[in-house]
Every structure is written in structure tokens, then in C-alpha cells.
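Following: one structure in C-alpha cells, then a few remarks.
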Amino acid sequence: MSTAEHKSLAESHRLVRCAVITVSDTRTEASDKSGSLIRTRLHEGGHEVVFYRIVPDEPAEIRALLSDLVGRVDAILLSGGTGISRRDNTYEAVTSLLEKTIPGFGELFRMLSYEEVGAAAMLSRATAGVYQDVVVFSTPGSVNAVRLALTKLILPELKHLVWEIARMA
């Protein structure tokens, strides 16, 4: 079956139940522009946001939250904590749980970011994969990074990814 045929079948798939997690030690719901953008764009795309939370960049807390969401959602979108500073631990927390990785997501994200921000794109450790039949995306926390990931990568393929995971379960 071609990619176009797969995507066509995926479009008939039920709506995608999503969790949005902002990883930040400083943001509040009022100042979380990236989390707000993700929720808005998911709703506009016809998806359902069933969970939203801001959590500190603590690996154990992030892993526990992802584990708790299994069975309740089809997709988890995290923003923040993907850089290289000492407090950026989201990559380690997420990748320690992934059973399958989607390397192309991070590769494409950094390629597209390079077009916008130049060599600084290499500092991002954006990643994606599958954890217990849930697709997980982890992006930088900046609004521009989130917008890029959503527009160019996540939203065009979200139903397709969820359908691929569900069809063989």
C-alpha cells in the first residue's frame, strides 16, 4: 500500500486523543504560550485534548506522568527541556521509555529549524517515538519551535501515525 493510501485510510480513523505537557520550572498556565499553541492547533486539526499539565523538568516526574497517560490517550506532545543545559532532562526521561523511536522526526525538525535559526538548530534534542502504543513527541519549548513542529511534521502525520500503531495492536 502506498503512503497516500495509508494516509487516506488513517483519515477515517477516530479522532486522536491527545495529552499536552509543558516541561518548565518557571511557566504558569497564563505564561505557557507554547502549550496554548499546541492545544489550539490540535483542536483546529479536529483532535481532542484530554489532558494538559505543566511539570518541572524532573525525569522521574515526567516518566511517571507518561506512564499514567498510557491507555488514556493516543498521542502525547511535550514541549520544553530538550536543550543541553543542566536542567534540560526531558530527552533522557522520554527516550528511556520509548520502545520504538522515530528518528526522522528529530532529523527533520533540526533540518527545518536550521533553515530558520542556522547552526543553533543542532542544540535541539527533539525526539519522537512509541511508548506502549502511544505516539510521543518531544519538542523545544519556544513558540517558534512548537509552531514549526506542529505545522510541518506533527499535524500532517498525526492521524497516520496513530492509525499505524492501532492497526496492528
- Confirm whether Ala166 is in contact with a strand residue (DSSP E or B) (Cβ under 6 Å, 6 or more places away or on another chain) and either open to solvent by less than 50 Å² (accessible area, probe 1.4 Å) or not in a helix (DSSP H, G or I) (or both). no
- Does Val49 qualify as being under 16 Å from Thr139 (Cα atoms), crowded, with 17+ Cβ neighbours inside 10 Å and in contact with a helix residue (DSSP H, G or I) (Cβ under 7 Å, 6 or more places away or on another chain)? no
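Determine whether Ala145 is in contact with a Phe, Trp or Tyr (Cβ under 7 Å, 6 or more places away or on another chain) and buried (at least 18 other Cβ atoms within 10 Å of the Cβ).
no
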- Query: Can you pull out the residues in segment 88-107 that are hydrophobic (A, V, I, L, M, F, W, C) and either closer than 18 Å to Asn144 by Cβ or in a helix (DSSP H, G or I) (or both)?
  - Reply: Ala93, Val94, Phe105
- Sort through Arg125, Arg63, Arg110 and tell me the only one that's among the basic types (Lys, Arg) and either part of a loop (DSSP other than H, G, I, E, B) or in contact (Cβ under 8 Å) with a residue 60 or more places away in the chain (or both). Arg125
- Could you say whether any residue in segment 117-132 is open to solvent by 30 Å² or more (accessible area, probe 1.4 Å), farther than 22 Å from Asp32 by Cα and of a type in the set (Phe, Trp, Tyr)? no
- Message: Suppose we filter Thr82, Thr95 for residues that are open to solvent by 20 Å² or more (accessible area, probe 1.4 Å), touching a strand residue (DSSP E or B) at 6+ places or on another chain (Cβ under 8 Å) and not charged (D, E, K, R); which single one remains?
- Response: Thr95
- Query: Among the numbered criteria (1) open to solvent by 80 Å² or more (accessible area, probe 1.4 Å); (2) part of a strand (DSSP E or B); (3) β-branched (Val, Ile, Thr), which single criterion is violated by Ile76?
  - Reply: (1)
- Task: Name the residue, out of Ile38, Ile21, that is in a strand (DSSP E or B) and within 22 Å of Gly106 (Cβ to Cβ).
- Result: Ile21
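The values are calculated or read from the model by the stated rules, or taken from the named source; none is laboratory data. What you are looking at is a predicted structure, and each value in this text was computed from that prediction instead of being measured. In this analysis, Cβ positions are derived from the backbone assuming ideal geometry, glycine residues included, and neighbour counts consider all displayed protein chains. Side chains are part of the model used for accessible areas, which takes the heavy atoms of the whole protein and leaves out ligands, DNA and RNA. Shrake-Rupley method; radii C 1.70, N 1.55, O 1.52, S 1.80 Å.
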